[in-house]
1. Is it the case, given these coordinates, that V59 is of a type outside the set (S, T, Y) and in a strand (DSSP E or B)?
2. So, of the residues in the range 8-45 that are at pLDDT below 90, in a helix (DSSP H, G or I) and within 24 Å of the chain's Cα centre (by Cα), which turns out to be farthest from V59 (Cα to Cα)?
3. Residue pairs, Cβ under 6 Å, 6 or more apart or interchain, first in the range 37-50 and surrounded by fewer than 17 Cβ atoms within 10 Å (Cβ to Cβ), second assigned to a helix (DSSP H, G or I) and not acidic (D, E). List them.
4. Residues L144, L98: which one is within 26 Å of N46 (Cα to Cα), touching a residue at least 24 places away in the same chain (Cβ under 8 Å) and either among the hydroxyl-bearing types (S, T, Y) or not assigned by TED's automatic domain parsing to the domain that holds S65 (or both)?
5. Quick check: is even one residue across the range 141-149 surrounded by fewer than 13 Cβ atoms within 10 Å (Cβ to Cβ), outside any loop (DSSP other than H, G, I, E, B) and not aliphatic (A, V, I, L, M)?
6. I'd like to verify a number: residues in the range 98-120 that are in contact with a strand residue (DSSP E or B) (Cβ under 9 Å, 6 or more places away or on another chain), of a type outside the set (A, V, I, L, M), assigned to a loop (DSSP other than H, G, I, E, B) and at pLDDT 85 or above, how many?
7. Taking the criterion of being among the β-branched types (V, I, T), farther than 20 Å from A30 by Cβ and at pLDDT 90 or above, would at least one residue in the range 85-96 satisfy it?
Amino acid sequence: MKKFILLLVAFISLISFNSCEKDDDHNEYASLESANLSAPVVDSINEYIDTNHPTTTIVEVELESRYIEVELNNNIELKFDFDGSFLGYDDDNEYVSLESANLSAPVVDSINEYIDTNHPNATIVEVEIEAQYIEVELNNNRELKFDLDGTYLAYDN
């Protein structure tokens, strides 16, 4: 009897896991058109991307409960409401460059100047904006912290 109950629990767990996996895949699409969004919503999102990220292409579209998330080929994730209006960038606040992080020119210049002076052979691989600071990861495995004005604070590792 114990074997039967154990097998039954394992079977139910397997079915539950598979059904959750299918649900997760159901809201991810390769394009706006394949996501079954209305033409005005698709047009609005495409217009925003064409205007603000003209050299990018859409990699993935994910329909969330409260918004549409669009991932671009430069790893930027954009959020739109279901009317196609831009809401903001994804909450993870991770970017592939200082320029894609939408920081002001003086902040970008200050951070670049520090990196050019102190890590001349390094390149930026990730930028993360936190509430109190900006973290910049370099290809030499160094993580640098800057305040929100671009002033160097410390190494993070």
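1. Yes; evaluated as a whole, the condition is true for this residue.
2. Result: C20.
3. Pairs found: none.
4. Values: L144 fails: within 26 Å of N46 (Cα to Cα).
Of L144, L98, the one residue that is within 26 Å of N46 (Cα to Cα), touching a residue at least 24 places away in the same chain (Cβ under 8 Å) and either among the hydroxyl-bearing types (S, T, Y) or not assigned by TED's automatic domain parsing to the domain that holds S65 (or both) is L98.
5. Checked against the condition, which is being surrounded by fewer than 13 Cβ atoms within 10 Å (Cβ to Cβ), outside any loop (DSSP other than H, G, I, E, B) and not aliphatic (A, V, I, L, M), the range 141-149 yields no hits at all.
6. Final tally of qualifying residues: 1.
7. No, there is no match, as no residue in the range 85-96 is among the β-branched types (V, I, T), farther than 20 Å from A30 by Cβ and at pLDDT 90 or above.
The values are calculated or read from the model by the stated rules, or taken from the named source; none is laboratory data. Given the structure is predicted, the values throughout are model-derived calculations rather than measurements. Using ideal geometry, Cβ is built from the backbone for each residue, glycine included, and neighbour counts are taken over all protein chains shown.
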